[in-house]
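Undergrad: Provided herewith is a single structure, encoded as structure tokens, for subsequent inquiry.
Every read-out reported here was derived from the displayed coordinates using simple, explicitly stated rules and does not represent laboratory data. On a predicted model such as this, the values are computed, not experimentally measured, just so you know. In this analysis, Cβ positions are derived from the backbone assuming ideal geometry, glycine residues included, and neighbour counts consider all displayed protein chains.
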Amino acid sequence: MAYETPDALAKSARFHIRATDRQAKLIRAGAQRKGLKLTDYIVDTLCAQAEMDLAGQNRFVLPKEKWNAFLKELDRPPKVPAGLKRLFSRVPVAESR
């Protein structure tokens, strides 16, 4: 993981939410069970859920010119680095003995 400066880690965004008494008790119990401060628990849990929601995204809409450029890149032959070509042209170690 890249090093982050203290300024980059400073929390500056605020969210104001409302919850029912039952929801609040449940959230507090979850935070207590994990041994986290309430805010940390809420933010960590919401971020994990947001990552899962975004990972499931499977529909992307592009303007026609960008779609065509995307298709062109998919059709282009892959670039094979010279080092990779050398690696795969060698006799495998197991076969060289």
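Undergrad: Hey, with R₀ at 22 Å, roughly what FRET efficiency would residue 17 and residue 53 work out to, going by the Cβ-Cβ distance, to 0.05?
TA: On the way: r = 17 Å, r/R0 = 0.79.
After rounding to 0.05, the efficiency reads 0.80.
Undergrad: Kindly express, to the nearest 10 degrees and within the range 0 to 90, the angle between helix 21-34's C-alpha long axis and the longest C-alpha principal axis of the chain.
TA: Approximately 60 degrees, to the nearest 10.
Undergrad: Which three extents, in angstrom, do the Cα atoms of the range 13-95 have along their principal axes, listed largest first?
TA: That works out to 65, 47, 21 Å along the principal axes.
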